[in-house]
Amino acid sequence: MTYVPAPELTCQLCGRVIKLNKDGEIVHHGFKRPHHSGFQTASCRGTHHLPYEQANDALVKEIARAETFITEQTTKLTELAATPPDTIRSERYLGTGRYDYPMLPRPEDFDPKHWGDKYGIHAANSYGYWWSRRQAELGREIDSARSIKLHLEGRLAGWKQPKV
């Protein structure tokens, strides 16, 4: 029996050249097995879709998914800024790779517009610090999703219908 290598084409989402399965779909890829620890990271969502040279359905779905994520996170950020929650999760390092995540209550006189004036902008482990940090985290998640969406839209714009 002669070995025949599987054909390779491009994943719609990550743009890597990947082997195809017997159904002509992109095989499982994009994962890692960190430190041979017995588990693996998430795979590329382009897995089990037709390659970029043949279809763009995975791109369209992923762009819609990014738009939904951006909208949801923007709503969360707006709500968090306007209405600080009664409690917020903080993080405290206990040493040797261990953490504690105590919930901090919102001070009764907490004013979201002037919290830095009263409590100090960098008052470590204060409600205001973690409230502000959570807003910054949401902002970074939104920026990252916008960047990914822009990249995917560029790939979609460059897609050409296959010749039949």
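Some values worked out for this structure:
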read-out	value
Residue list for the stretch 128-164, restricted to those being crowded, with 17+ Cβ neighbours inside 10 Å and over 30 Å from Ile88 (Cβ atoms)	Leu152, Arg155
Count of residues meeting criterion [in a helix (DSSP H, G or I), modelled with pLDDT under 90, out of contact with any Gly (no Cβ under 9 Å at 6 or more places or on another chain) and within 28 Å of Ser144 (Cβ to Cβ)] in the stretch 74-132	1
Near pairs, Cβ below 6 angstrom, 6+ apart or cross-chain, from the stretch 85-104 (touching a residue at least 24 places away in the same chain (Cβ under 8 Å) and over 14 Å from Ser132 (Cα atoms)) to any residue that is of a type outside the set (Ser, Thr, Tyr) and assigned to a strand (DSSP E or B)	Arg92/Asp100
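The values are calculated or read from the model by the stated rules, or taken from the named source; none is laboratory data. Since this is a predicted model, take the numbers as computed values, not measurements. FYI the Cβ positions are ideal-geometry reconstructions off the backbone, even for glycines, and counts take in every protein chain you see.
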